[in-house]
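> Dropping a structure here in structure tokens format, bear with me for questions.
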Amino acid sequence: MLYQLYELNYNAAQPLRFFAQALQAALKNPFFPGGQSEMGRLIGASAEMIERGTRRFGKPAFGLDQTTIAGENVAVTEEIALGKPFCQLRHFVRDVERDDPRVLIVAPLSGHHATLLRGTVKALLPHHDCYITDWVDARQVPLSAGPFGFDDYVNYVIEFLRFLGPNTHVIAVCQPAVPVMAAVSLMAAANDPAQPPTMTLMGGPIDTRAAATAVTRLAETHPISWFENNVIHSVPFTYLGTGRRVYPGFIQLTGFMQMNLDRHMGAHVKLFDHLIRGDGESADATKRFYDEYMAVLDLPSEFYLETVESVFQTHLLPRGLMRVDGHLIEPKAIHKTALLTVEGELDDISAPGQTLAAHTLCSGLKPNQKFNLLQKGVGHYGIFNGKRWREEIMPVARNWIRQHDKGHSEVPKADLVPVKRSRAA
């Protein structure tokens, strides 16, 4: 019933939202008396905050229509390379002939859209042929498509790697670290020709026992039945996925917000102040961030519950007990895929140590096939977005990929970017 009440509340707020939009439009009209007065700006700012507070934020666009390579602007076109019921494999096609390493970026299926990794893709585009998993909102997937669980996620990754072909590198950001390692382990055990030459795991929960966070404590202090009874709901009749059991994005967003509630409240107080003062540049920066942050999707209930249980409660992968479609997952079988792990010193979602655990599991790799980067001064999102990602983390990942890519043993001089203030552990 919670999902239905959420929809009812959203629909009930539409008249207020429309009134706020109309009031905003009127106050911005240069012929409206007093629109730009101090009182007019106060009313307009209040109307905008009401409109944003009652709005549903849709999936943003990647908006990556160009990149810069060796000082030249290059057009970029998005294409759907392969479509699946729960995911679209999106390709960023650069309008230039370059034999750059091909990279599959596996985005998290944890509430936000893959566009949250816009900054990740943007920084990689000048140096790589980039693909990304663009997960479909589960409420838009008809019941006829069947369920989607943890094993299905792993099989999607394997299918995408095989579709892209040999010598495709894989980067997993946050949640997909575990299913990506499972996929690569299965491919290694089968000596699959499409197993990737490198696997980069960024802030992922390989072994959550290594460092406790609010996320791990929630999972450890509640039985799986609690999650099934309290956070799993049926999609209302207004969507294509009517009747599908999901973990709603609005519940995940609420959890994210509560983890840093003071910071989010402070940001909105500042936004209100910027609007009153007419500081459009500062207000727009805050609105762009929250337009992305507030855009969420629903997760299939099977995948969510299986992930909570196997990754955060029973720790099947680090205990050597994880199975996918009946096959035991053995990371020690990985011999051809070099491992790079990236952790943020201030990460409060996948704390330092959780991703580092991958090195112990991948015991079949030689020392020169493994490297861990502990980035000082960054939290979870700073690992894959922002200045520190662009200037300090991405160059390490790019150089690692080039070093292990067949036919690309060195980074072209035109592509070299200094690595600053990074720490390897």
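The values are calculated or read from the model by the stated rules, or taken from the named source; none is laboratory data. Computed from a predicted model, the values in this text were never measured in an experiment. Glycine gets a Cβ as well: all are built from the backbone with ideal geometry, and neighbour counts include every protein chain shown.
> Restricting to segment 34-84, count the residues that are charged (D, E, K, R) and within 30 Å of V96 (Cα to Cα).
6
> Among the candidates D284, D291, which residue alone is in a helix (DSSP H, G or I), acidic (D, E) and touching a residue at least 12 places away in the same chain (Cβ under 8 Å)?
D291
> While we're looking at this one, here's another question. Could you list, in sequence order, the residues of segment 88-147 that are among the basic types (K, R) and either outside any loop (DSSP other than H, G, I, E, B) or touching a Gly at 6+ places or on another chain (Cβ under 6 Å) (or both)?
Of everything in segment 88-147, those that are among the basic types (K, R) and either outside any loop (DSSP other than H, G, I, E, B) or touching a Gly at 6+ places or on another chain (Cβ under 6 Å) (or both) turn out to be R90, R94, R102, R118, K122, R139.
> Still on this structure: Quick check on this structure: which one of V93, V106 is closer than 25 Å to E392 by Cβ, surrounded by 13 or more Cβ atoms within 10 Å (Cβ to Cβ) and in the same structural domain as R388 (by TED's automatic domain parsing)?
Criteria check complete, one pass: V106.
> For segment 361-380, enumerate the residues that are in a helix (DSSP H, G or I) and in contact (Cβ under 8 Å) with a residue 40 or more places away in the chain.
L361 - this is the single residue of segment 361-380 that is in a helix (DSSP H, G or I) and in contact (Cβ under 8 Å) with a residue 40 or more places away in the chain.
> If G326 satisfies every condition in (1) under 21 Å from the mean Cα position of the chain (by Cα); (2) surrounded by fewer than 23 Cβ atoms within 10 Å (Cβ to Cβ); (3) not β-branched (V, I, T) but one, which is the exception?
Condition not satisfied by G326: (1).
> Which one is surrounded by the fewest Cβ atoms within 10 Å (Cβ to Cβ), of the residues in segment 285-302 that are within 15 Å of H112 (Cβ to Cβ) and hydrophobic (A, V, I, L, M, F, W, C)?
Within segment 285-302, the match that is surrounded by the fewest Cβ atoms within 10 Å (Cβ to Cβ) is F289.
> Something else about it: Just for helices (runs of 4 or more DSSP H) wholly inside segment 155-274: which have at least 2 residues that are at pLDDT 95 or above and buried (at least 23 other Cβ atoms within 10 Å of the Cβ)?
In segment 155-274, 177-189 are the helices (runs of 4 or more DSSP H) which contain 2 or more residues that are at pLDDT 95 or above and buried (at least 23 other Cβ atoms within 10 Å of the Cβ).
> State yes or no: is G326 among the small types (G, A, S), at pLDDT 95 or above, out of contact with any helix residue (DSSP H, G or I) (no Cβ under 6 Å at 6 or more places or on another chain) and farther than 30 Å from L143 by Cα?
Answer is no for this residue.
> Within segment 1-55, can you find the residues that are surrounded by 15 or more Cβ atoms within 10 Å (Cβ to Cβ), hydroxyl-bearing (S, T, Y) and over 30 Å from R244 (Cβ atoms)?
S46
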